[in-house]
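S.K.: The following block contains the structure, expressed as structure tokens.
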Amino acid sequence: MAATRTFSIIKPDATRRNLTGAVTKMLEEAGLRVVASKRIRMTREQAEGFYGVHRERPFFNDLVAFMTSGPVVVQVLEGDNAVQRNRDVMGATNPAQAAEGTIRKAYAESIEANSVHGSDSDENARIEIDFFFREEEIVG
Ligand code: ADP
Ligand code: MG
């Protein structure tokens with residue numbers, strides 16, 4: 001299968017605990033390559049825009065506050081079937097339901113502070129990559 005791309009965020013709970021390398025190692029061991037990466041502090045406007053599909057959910061305001069509470073690392077990952085491969089290594093949204101060997105099982109603190117984001121479709125991967133990266137920042 002041809003390599004595809006997905007978008008990842010190492011969330012503030014993970015950067016706060018100095019887990020950027022540990023999380024990235026699990027992504028790499030799952031067969032994903034980091035082809036773009038930068039550490040940023042998301043603005044409220046960015047977080048609200050990025051999570052716009054969740055605007056009506058009861059946890060939206062808390063989620064925006066959490067995602068802007070500290071640095072995050074935004075990444076473009078490349079690999080065979082990258083979106084699904086990344087979702088598999090991330091594990092379930094709620095760490096209580098995440099399988100052994102997944103990032104969220106290993107590191108997530110709660111359903112909100114769950115260490116990583118990953119795109120849920122190829123279409124959303126393209127939208128999310130474009131939200132944070134210019135094409136020349138991505139080097140495969
Ligand atoms: P995923 O990140 O697994 O794709 P969603 O897209 O459903 O999950 O939710 C986006 C993010 O919103 C989650 O990763 C988590 O940080 C937060 N979130 C989801 N559900 C809840 C909830 N019930 N309570 C608090 N935060 C939540
Ligand atoms: Mg999602």
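S.K.: Suppose we filter segment 12-53 for residues that are closer than 20 Å to Ala125 by Cα, acidic (Asp, Glu) and surrounded by fewer than 18 Cβ atoms within 10 Å (Cβ to Cβ); how many remain? Outline the logic, then answer.
M.R.: Start the filter on segment 12-53 by keeping residues that are closer than 20 Å to Ala125 by Cα, which leaves 23-24, 26-28, 30-40, 42, 45-53.
Filter again for acidic (Asp, Glu), leaving 28, 45, 48.
Applying the additional criterion that residues be surrounded by fewer than 18 Cβ atoms within 10 Å (Cβ to Cβ) yields 28, 45.
Counting residues in segment 12-53 that are closer than 20 Å to Ala125 by Cα, acidic (Asp, Glu) and surrounded by fewer than 18 Cβ atoms within 10 Å (Cβ to Cβ) gives 2.
S.K.: What pairs come out if I take residues in segment 106-130 that are farther than 16 Å from Gly52 by Cα and assigned to a helix (DSSP H, G or I) and pair them with residues that are within 11 Å of ligand 2 (Cβ to nearest atom) and polar (S, T, N, Q) whose C-beta lies under 9 Å away, six or more apart or interchain?
M.R.: Tyr107/Asn114
S.K.: Follow-up question, since we're still on this one. Which one is farthest from Phe132 (Cα to Cα) among residues in segment 82-106 that are away from ligand 1 (no atom under 13 Å from the Cβ) and within 14 Å of the chain's Cα centre (by Cα)?
M.R.: Arg85
S.K.: Among the candidates Ser115, Ser119, Ser110, which residue alone is within 11 Å of ligand 1 (Cβ to nearest atom) and either surrounded by fewer than 17 Cβ atoms within 10 Å (Cβ to Cβ) or modelled with pLDDT under 95 (or both)? Quick ask: steps written out before the conclusion?
M.R.: Numbers: Ser115 fails: either surrounded by fewer than 17 Cβ atoms within 10 Å (Cβ to Cβ) or modelled with pLDDT under 95 (or both); Ser119 fails: either surrounded by fewer than 17 Cβ atoms within 10 Å (Cβ to Cβ) or modelled with pLDDT under 95 (or both).
Just a single option satisfies the conditions, and that option is Ser110.
S.K.: For segment 90-101, what are the residues that are within 15 Å of ligand 2 (Cβ to nearest atom) and either among the aliphatic types (A, V, I, L, M) or in a loop (DSSP other than H, G, I, E, B) (or both)?
M.R.: The answer is Met90, Gly91, Ala92, Thr93, Asn94, Ala98.
S.K.: Let me ask something else about it. Could we say that Gly79 is away from ligand 1 (no atom under 15 Å from the Cβ), surrounded by 19 or more Cβ atoms within 10 Å (Cβ to Cβ) and either without any contact (Cβ under 8 Å) to a residue 60 or more places away in the chain or not hydrophobic (A, V, I, L, M, F, W, C) (or both) here? Please lay out each step first, then the result.
M.R.: Details: away from ligand 1 (no atom under 15 Å from the Cβ): yes; surrounded by 19 or more Cβ atoms within 10 Å (Cβ to Cβ): yes; either without any contact (Cβ under 8 Å) to a residue 60 or more places away in the chain or not hydrophobic (A, V, I, L, M, F, W, C) (or both): yes.
Criteria met by Gly79.
S.K.: Under 7 Å between Cβ atoms, which residue pairs at least 6 apart in sequence (or on different chains) link something in segment 1-19 that is under 23 Å from Glu137 (Cα atoms) with a partner that is at pLDDT 95 or above and among the charged types (D, E, K, R)?
M.R.: Ala3/Glu78; Ala3/Asp80; Thr4/Asp122; Arg5/Glu78; Phe7/Glu128
The values are calculated or read from the model by the stated rules, or taken from the named source; none is laboratory data. No experiment lies behind these values; they were computed from the predicted model shown. Every residue, glycine as well, gets a Cβ built from its backbone with ideal geometry; the counts of neighbours run over all protein chains shown.
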